[in-house]
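Below you'll find the structure, written out as structure tokens, and then a few comments.
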Amino acid sequence: MSLGFSELPPLNALKVFEAVTRHLNFRLAAEELGVTQGAVAQQIRGLEASLGLKLFDRLPRTLALTGAGAGYAVSIRQAFELIDEATRTLRPEPNRLTLSVTPTFASRWMLPRLPGFTAAWPDIDLRVLASERLVQFHHEGVDIAVRYGRPPFGAGLDATLLFSQTVLAVVSPALLEELGDPAESDNCLRYALLHDGHHLWPAFLAFTFPHVSLHHQHHLRFNQTALALEAAISGQGIALTSPHFVQNDLASRRLVPAFSQQMIMDAGWYLVWPRRPREQAPVIAVRDWLLAQVSG
């Protein structure tokens, strides 16, 4: 007669271990789990003692998985994913889906397209979560995210390119007429440069004026591209953005290109989602719809 899983470590310790493997930091894992840092450290010490193996190397400012710990982490994460998938299958929920995007992506790209999504998928209850920070998919209930950068984005995550990043400088037609063509270096110095959180102006100026070193004095700084674009529309300077975020503004001539060149970046906007044994239908639907919006 089977005695079940008598050699299985405590499940709570395994849950703590899985969180620590993602953060490689006891404090951050404790914040995610809602417990104290000491409790996390105690669970890890107890797990290592029960296994008779060292799972982490304690470094001055971080943790590092040992060889045994790295292999164990992959298996434990897969086990939790299987439990999660089995629970979802046993207790299916309505077609709810949480999509995490940056605020600029939400306001400049996603919101104008939402009526089309609602018409195409009226049975999916879509929640759009706008945040600059990286999300913890399982802990925060996020099903799919749109993020800027280069893969890989993390262990256990799949990613597909939504669109590559090119950088376009835009300005209001009224300001362009007032200050002149910024492609002439003397004129360019008359414009305020509207910065966002990506800090691309130094690279863009070097790209646009490869033989001239511009010592620009006029700067306005914002933490989001959407704010820099609103400032550009109101005639406060030149902003840098992806062409995908200003399609309507260019069509209506609220904005026009400040320079003819566009700078190609070695990065892009990606759809990112947790890898699961079986993909959920709403995730597939939203992912395919987002990709269709770009290709269309």
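The values are calculated or read from the model by the stated rules, or taken from the named source; none is laboratory data. This structure is a prediction, so every number in the text was calculated from the model and none was measured. Every residue, glycine among them, receives a Cβ derived from its backbone with ideal geometry; neighbour counts consider all protein chains shown. Keep in mind that these areas ignore ligands, DNA and RNA; they rest on the heavy atoms of the full protein, side chains included. Shrake-Rupley method; radii C 1.70, N 1.55, O 1.52, S 1.80 Å.
So the values come out like this:
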read-out	value
When residues of segment 27-43 are limited to those that are in contact (Cβ under 8 Å) with a residue 24 or more places away in the chain and open to solvent by less than 30 Å² (accessible area, probe 1.4 Å), the one farthest from Asn12 (Cα to Cα)	Glu32
Residue within segment 251-262 that is touching a residue at least 12 places away in the same chain (Cβ under 8 Å), within 30 Å of Gly156 (Cα to Cα) and either part of a strand (DSSP E or B) or not basic (Lys, Arg) (or both) present	no
Candidates Thr87, Thr98, filtered to the one that is among the polar types (S, T, N, Q) and over 14 Å from the mean Cα position of the chain (by Cα)	Thr87
Some residue of segment 226-235 being farther than 25 Å from Ser131 by Cα, surrounded by 16 or more Cβ atoms within 10 Å (Cβ to Cβ) and more than 27 Å from the chain's Cα centre (by Cα)	no
Residue list for segment 276-296, filter: surrounded by 14 or more Cβ atoms within 10 Å (Cβ to Cβ), basic (Lys, Arg) and over 16 Å from the mean Cα position of the chain (by Cα)	Arg276
Test: residue in segment 175-193 that is open to solvent by less than 40 Å² (accessible area, probe 1.4 Å), aromatic (Phe, Trp, Tyr) and either in contact with a Gly (Cβ under 8 Å, 6 or more places away or on another chain) or under 20 Å from Phe207 (Cβ atoms) (or both)	yes
Number of the exception - Ala231 against (1) in a loop (DSSP other than H, G, I, E, B); (2) under 17 Å from Pro257 (Cα atoms)	(1)
Close pairs from segment 55-67: first over 8 Å from Leu24 (Cα atoms) and among the β-branched types (Val, Ile, Thr), partner outside any strand (DSSP E or B) and open to solvent by 20 Å² or more (accessible area, probe 1.4 Å), Cβ under 7 Å, at least 6 apart	Thr66/Lys54
Any hit, segment 50-61, residues being of a type outside the set (D, E, K, R), closer than 18 Å to Pro10 by Cα, open to solvent by 20 Å² or more (accessible area, probe 1.4 Å) and part of a helix (DSSP H, G or I)	yes
Test for Leu134: is it surrounded by fewer than 18 Cβ atoms within 10 Å (Cβ to Cβ) and part of a loop (DSSP other than H, G, I, E, B)	yes
Test: residue in segment 108-121 that is farther than 30 Å from Pro243 by Cα, over 21 Å from the mean Cα position of the chain (by Cα) and not β-branched (Val, Ile, Thr)	no
Search result, residues across segment 152-176 that are in a loop (DSSP other than H, G, I, E, B) and in contact (Cβ under 8 Å) with a residue 12 or more places away in the chain	Phe153, Gly154, Ala155, Gly156, Ser172
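Rundown of residues vs (1) at pLDDT 90 or above; (2) of a type in the set (A, V, I, L, M, F, W, C), yes/no style:
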{"position": "Leu65", "(1), (2)": "yes, yes"}
{"position": "Ala68", "(1), (2)": "yes, yes"}
{"position": "Ala73", "(1), (2)": "yes, yes"}
{"position": "Thr89", "(1), (2)": "no, no"}
{"position": "Ser107", "(1), (2)": "yes, no"}
{"position": "Ile124", "(1), (2)": "no, yes"}
